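**Student:** My structure is below; once you've seen it, I'll send some questions.
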Amino acid sequence: MLTQISVAIIAIAFAILVFFLIKTLKAATNSLDKVTQTLQEVQKTIDELSYEVKQTIRNTNDITVDVQHKMKQIDPVMDTVKNLGEALSEVTYAVKQVSSGVVSRYRQTKVEKKKHELRQSTVPITAQDRTFQSYDAVYNEPKASNSGQWLNYVDVAVGLWSKFRRQKAR
């Protein structure tokens, strides 16, 4: 009878063990079903996002091509601005030279006037001094300034330079 009781206890223990194993396996199955469902949802989301990312990349490529085209159209304008800057620099340099020439001539004529005034203020004592003074008055007169001519030369030079640049740009 001891063996029969032992076998009955073993059978009951085995039945309890199987019951809990079935319960655990059902919980694992439910978890795996939820994981599978989540993975399917993630896959759908990834598929939708990949389509949107592809569209975004296509739009970005189109925008890049458009920007490159517009940059190529702007290049001549930038070259023109560069050439204009160089021309203005050269004109500024020429005007600076002309103005320094005019100033130096003005100073020179001012110095010559002072010398001339000093000569006139001193009364020649001898006939020879009077002869030299009249000679200086006739032949050593300060010449009129050519600044007006220089400005005309600068205008002509700037016009020629701009024509040269236009032809070079073509």
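**Student:** Kindly write out, for the range 155-162 in residue order, the coupling ³J(HN,Hα) from the Karplus curve 6.51 cos²θ - 1.76 cosθ + 1.60 (θ = phi - 60°), rounded to whole Hz, with x marking Gly and Pro.
**Tutor:** After applying 6.51 cos²θ - 1.76 cosθ + 1.60, I find 4, 5, 5, 5, x, 5, 5, 5 Hz.
**Student:** On to the next question. I'd like the per residue volume of the convex hull spanned by the Cα atoms of the range 9-65, given in cubic angstrom.
**Tutor:** On the way: hull volume 2.6 nm³, N = 57.
Cα-based convex hull of the range 9-65, divided per residue, equals 46 Å³.
**Student:** Then there's this: Let me cross-check residue 64: its accessible surface, 1.4 Å probe, with only protein heavy atoms counted, in Å² to the nearest 10?
**Tutor:** Here the accessible area works out near 60 Å².
**Student:** Below 24 Å, Cα to Cα, which lysines can residue 110 reach? Residues fewer than 8 away in the same chain don't count.
**Tutor:** 96, 143
**Student:** Give the cross-link partners of residue 54 among the lysines, using a straight C-alpha distance below 17 Å as the criterion and excluding same-chain residues fewer than 8 apart.
**Tutor:** By straight Cα distance, residue 54 reaches 44.
**Student:** P(r) for the chain: what percent of alpha-carbon pairs falls in each 10 Å bin, starting at zero?
**Tutor:** Going out from 0 Å in 10 Å bins, the chain shows 7, 13, 10, 9, 8, 8, 7, 6, 6, 5, 5, 5, 4, 3, 2, 2, 1, 0 percent.
**Student:** If you count only protein heavy atoms and use a 1.4 Å probe, how large is the accessible surface of residue 153, to the nearest 10 Å²?
**Tutor:** Around 140 Å² of this residue is reachable by solvent.
**Student:** Give a residue-ordered list of calculated ³J(HN,Hα) values for the range 54-66 (Karplus: 6.51 cos²θ - 1.76 cosθ + 1.60, θ = phi - 60°; whole Hz; x for Gly, Pro).
**Tutor:** 3J(HN,Hα) across the range 54-66, in whole Hz: 4, 5, 4, 5, 4, 4, 4, 4, 4, 5, 4, 4, 5.
**Student:** Determine the sum of side-chain charges near residue 91: Lys and Arg each +1, Asp and Glu each -1, restricted to other residues whose C-beta is under 13 angstrom from that of residue 91.
**Tutor:** Numbers: positive: 96, 165; negative: 86, 90, 155.
Net local charge, residue 91 excluded: -1.
**Student:** Another question about this same structure. Checking the cross-link filter: which aspartates and glutamates have an alpha carbon closer than 18 Å to that of residue 114, excluding same-chain neighbours under 8 positions apart?
**Tutor:** Cross-link targets: 136, 141.
The values are calculated or read from the model by the stated rules, or taken from the named source; none is laboratory data. Source: prediction; values computed, not measured. Here the Cβ is made from the backbone with ideal geometry for all residues, glycine too, and neighbour counts use every protein chain on show. All accessible areas refer to the heavy atoms of the entire protein, side chains included, with ligands and DNA or RNA removed. Shrake-Rupley method; radii C 1.70, N 1.55, O 1.52, S 1.80 Å.
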